[in-house]
Amino acid sequence: MSNAIKITISWLIALWASNVFLGSLFYKFDNTALEPQHIFSTIGIWMSDTINTTLGELFTEYGSILIGLAELATALALLSPIVLWKHREKLHCIGGLMASVVMTGAIFFHIFTPLGWHPTWQVANEAACQAVFIAPNACTDAGLANAALSILVLGIVMMWLNKKPN
């Protein structure tokens, strides 16, 4: 595969992952957004019941901020070659690793906790729902886990494309 093709694919992956990460930042840092409230409280309750009550309470309260910061750092690593072109290969390799690690956690929680692949939560009225309506006064997000899976796989591809040859 030519170097130009590798660079193009690497940038397409970086732009996709960064778009997803940066696009959700507002919701991660907004404690009134319904979807992150549901996601992080569901996981926090699960952690309280299976691991440790204090850890679950902390995750419910601060998990979205922690994950938001991890996603922000990952997006910065993926986009930093815009100004640090000389280090593009290394930064994209590191960024691909970071993206894969963050999304491994997301996939774990979607598969092994009550959150599920298509998180669904109740709302006071349909107008409050920011995602897809599945029933009166209920919301679901079918794309969240799919985006996480795509970034997990593409992050691995990005690491492979940008690794140093032996």
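The values are calculated or read from the model by the stated rules, or taken from the named source; none is laboratory data. Computed from a prediction, not measured in an experiment: that's the story for all the values here. Backbone-built Cβ (ideal geometry, glycine too); neighbour counts: all protein chains shown.
Yes or no: the stretch 24-32 includes at least one residue that is polar (S, T, N, Q), part of a helix (DSSP H, G or I) and free of Cβ contacts under 8 Å to residues at least 40 places away in the same chain.
No, the stretch 24-32 contains no residue that is polar (S, T, N, Q), part of a helix (DSSP H, G or I) and free of Cβ contacts under 8 Å to residues at least 40 places away in the same chain.
May I ask you to list pairs of residues, at least six apart or on different chains, whose Cβ atoms are under 8 Å apart, with the first in the stretch 137-166 being under 26 Å from P114 (Cβ atoms) and touching a residue at least 40 places away in the same chain (Cβ under 8 Å) and the second being part of a loop (DSSP other than H, G, I, E, B) and of a type in the set (A, V, I, L, M)?
Once the first residue is under 26 Å from P114 (Cβ atoms) and touching a residue at least 40 places away in the same chain (Cβ under 8 Å) and sits in the stretch 137-166, its partners that are part of a loop (DSSP other than H, G, I, E, B) and of a type in the set (A, V, I, L, M) give C139/V123; C139/A131; D141/A131.
Please name all residue pairs, on different chains or six or more residues apart, with Cβ atoms under 6 Å, provided the first residue is in the stretch 52-66 and is closer than 21 Å to F29 by Cβ and the second residue is among the charged types (D, E, K, R) and at pLDDT below 95.
Pairs found: S64/K28.
Looking at V157, V102, V153 in this structure, which one is aliphatic (A, V, I, L, M), assigned to a helix (DSSP H, G or I), farther than 23 Å from L25 by Cα and modelled with pLDDT of 95 or more?
V157
Quick one: would you say T60 is closer than 21 Å to V157 by Cα, in contact with a Phe, Trp or Tyr (Cβ under 9 Å, 6 or more places away or on another chain) and surrounded by 16 or more Cβ atoms within 10 Å (Cβ to Cβ)?
no
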